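A short write-up of the structure that comes next.
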Amino acid sequence: MHIRISWVALFLLTFAGLSHFGFLQSSLRDSADRRGFNIGTSVDMQPFRNESAYVNTLRREFNMIVGGNAFKWDAVRPSRTTFNFTDTDALVSFAEANNMKVRGHTLVWHNQIPGWLTSGNFTRDEVIALLREHILTLVGRYRGRIVAWDVVNEAIDDGNGQLRTSSFWHQKIGPEYIRMAFQFAHEADPNAVLYYNDYSAEGSGTKSDAVFNLVRDLVNQGVPINGVGWQMHQINPFRIQTAHRTNAQRLANLGLEISITEMDVRISLPTDAQELEQQALAYRDATEFCLSQPNCKALVIWGFTDKHSWIPSFFPGFGDALIFDANYQPKPAYSAIQTALGGTAQPPPVPTGLSVTPGNAQVQLSWNAAAGATSYNVKRSTTSGGPYTTVTSVAGTSFTNTGLTNGTTYFYVVSAVNANGESANSTQVSATPVAANFTLAANPSSLTINRGASGTSTIAITRSGGFSSGIALSVTGLPGGVTSAFNPASATGTSSVLTLTASSTATTGTVNATITGTGGGLTRTATLILTVSPGGGTGGVTVTPAVTASSPWFNEEVIQLSNTAALSSLSVTITIQRTAGVSFSGQYNTIGGQILQSNSSTSAAVTYQFNLASGQMLGAGTNRVFAAQAGGSGTIHPAAGDTYVVTYTTGGVTFTQTGHF
Ligand code: XIL
């Protein structure tokens, strides 16, 4: 019996070992979220901006962040008059987008303050004003969005337990800078939880006593302080002692909360496996302590991957202080926190972000990864709300469900699975697969263009059922003289623009033009009602009046006519005023038998007429001449009364041009 239990224990240990790699269990934040516990880390901007593994791990494992340096004076305030919120905004936005809390670190510290401040020769009042302005600006900017601020950091000296008198703030303002900072922060965000933060403040000893005395005095003076941050920069091996509880309790008695704000456990290099197991105990202790100590509100570690830690550069010869190794693999310390959070036996959280795209007899599903999931069950129903049948189990976060019936609506949910079980179902989505198809529509669907002008209609292409082929477009049924162009001529997207251009002689009237699209073995059409109107045009006919002296015997007023399309009717009327000494002698034209000629009287105004005979057509041609001759005894003197009227029909439209010689 005893032996059998040992085997079971060994099996479980092996299983827990595998789980270091994050596949078999939920993340720290999932476990922490379930318990309402804050598990946090500081964030280093360089990997935050450049390493996806860093950001993914951060998002997956923590529900609280603090800027490693971003909120410090030298980062936020490059000069007296400028603030730079680029990094702080990025961190706060990231936290909000990922449902994380933010701690603010730090408003008053003797380190990482800018040179313009320390060497600025400011008076006490000026430094107080600068401090107030700084706190109101920074805390005010994130009012309601930062849960807790490390208002004053490391104000107590090592060893003697006195205030750090070498601090710029102490030297410029005196010890009152501490209460002032809390008052300014409270003024800026009355709901923020305000902390005094220090190292060696956690257990027993001169420093933690000094911290206790300081905050007790502040509380007694009515200064708005709410908590004490225990930085917890420890050296391996480290265990939580009774002294930690005693210290936490006396702070609780003052009405103060605590947070572990900067935990790391540095190991003298090189590190061996046993030291990593020792280190895990430190993290497990800290987690269990904070979970069980009623006034402990958060466990924040100072970074999470050994790839990015302040330890190697500040404590040469030490390293490996965090819970993921430099390759983002969880270390024993990670599993120890997880164990303390009770997270090992949990199924993954419910998958989020399920989306669906219908195709031809299929649908494509995708969803967000659920932390710690090893597979996902995809479940389907034809009834909204189920009951669902599991279609498949997949390791990835997408699935294409084929063999479906077009026109049927399918309802899907997804659950996440790991060795501990299955999550609840995701939110339901639905989709109706349809045959691959496309349709065309002209917009506008009726278009009027003048001769000599152009117009456009956008051909909208509606694709369905996953139809993605290119579609070659053409148009038929256009009136004579109208040309077309599609842009693009072969559409891979959802539209093409059709430009129609009517020549000056285009056939007028209204037609139904047919737009045809061909692609992927399908042909679809749309109708465009096109009207070509004469507009103010000439129908392609140029009329030029001229006065010529053609011979010694006569001269003439001439209409020169050029037409680019056939005329089905033509009437040219030329009226000449008689002037002294002029007699009228006749008329002619160069078109031979086509023109019926007539000469009217010899009255003061003489009208000459040229007409096409009924049924005659005058073909396209240039420089037809219709001449009204006057001769013999005088010269024609063009006057405003010498006029012409040319009326003709071309392309079914009748035009008139008038003028005078
Ligand atoms: C450290 C940062 O991690 C480093 O990147 C920086 O160079 C120095 O400061 N106590 C604190 C933190 O309150 O602000 C310190 O952070 C570590 C010690």
Unmet criterion (only one of (1) within 28 Å of residue 100 (Cα to Cα); (2) in contact with a Gly (Cβ under 7 Å, 6 or more places away or on another chain)) for residue 243: (1)
Pull up the range 29-66, narrow it to residues that are closer than 14 Å to residue 260 by Cα and in contact with a strand residue (DSSP E or B) (Cβ under 7 Å, 6 or more places away or on another chain), then point me to the one that is nearest to the ligand (Cβ to nearest atom). 42
Within 16 Å of the ligand (Cβ to nearest atom), farther than 19 Å from residue 104 by Cβ and under 41 Å from the mean Cα position of the chain (by Cα) - does that describe any residue in the range 235-242? no
Cβ-Cβ below 9 Å, separation at least six or inter-chain, first residue in the range 395-411 and over 14 Å from residue 433 (Cβ atoms) and in contact (Cβ under 8 Å) with a residue 40 or more places away in the chain, second exposed (fewer than 12 other Cβ atoms within 10 Å of the Cβ) and acidic (Asp, Glu): which pairs? none
Matching residues in the range 321-342 - criterion: being assigned to a loop (DSSP other than H, G, I, E, B), more than 16 Å from the ligand (Cβ to nearest atom) and touching an Asp or Glu at 6+ places or on another chain (Cβ under 6 Å): 325, 326, 331
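Identify, from the list 102, 147, the residue that is away from the ligand (no atom under 16 Å from the Cβ), at pLDDT 95 or above and under 37 Å from the mean Cα position of the chain (by Cα).
On inspection, the qualifying residue turns out to be 147.
Can you name the residue in the range 251-308 that is of a type in the set (Gly, Ala, Ser) and outside any strand (DSSP E or B) and, of all such residues, is nearest to the ligand (Cβ to nearest atom)? So that I can check it myself, show each step before the final result.
So the first thing to find is which residues in the range 251-308 are of a type in the set (Gly, Ala, Ser), and the list is 252, 255, 259, 268, 273, 280, 282, 286, 292, 298, 303.
If we keep only those that are outside any strand (DSSP E or B) as well, we get 252, 255, 273, 280, 282, 286, 292, 303.
Numbers: 252: 23, 255: 24, 273: 27, 280: 22, 282: 17, 286: 17, 292: 26, 303: 7 Å.
Of everything passing the filter in the range 251-308, 303 is nearest to the ligand (Cβ to nearest atom).
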Do we have residue 384 as of a type in the set (Gly, Ala, Ser), closer than 28 Å to residue 59 by Cα and at pLDDT 95 or above here? no
State all residues of the range 59-86 that are buried (at least 19 other Cβ atoms within 10 Å of the Cβ) and in a loop (DSSP other than H, G, I, E, B); if no residue qualifies, say none. 62, 63, 68, 70, 71, 72, 77
Based on this model, can you work out whether residue 361 counts as in contact with a Gly (Cβ under 7 Å, 6 or more places away or on another chain) and not in a helix (DSSP H, G or I)? yes
Complete set of residues in the range 437-456 that are in a strand (DSSP E or B) and of a type in the set (S, T, N, Q): 437, 439, 443, 446, 448, 450, 454, 456
For the range 491-507, indicate whether the set of residues that are closer than 30 Å to residue 364 by Cβ and not small (Gly, Ala, Ser) is non-empty. yes
Is it fair to say residue 373 is crowded, with 20+ Cβ neighbours inside 10 Å and assigned by TED's automatic domain parsing to the domain that holds residue 414? yes
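The values are calculated or read from the model by the stated rules, or taken from the named source; none is laboratory data. These figures come from a predicted structure and were not determined experimentally. All Cβ positions, glycine included, derive from the backbone under ideal geometry; neighbour counts span all protein chains shown.
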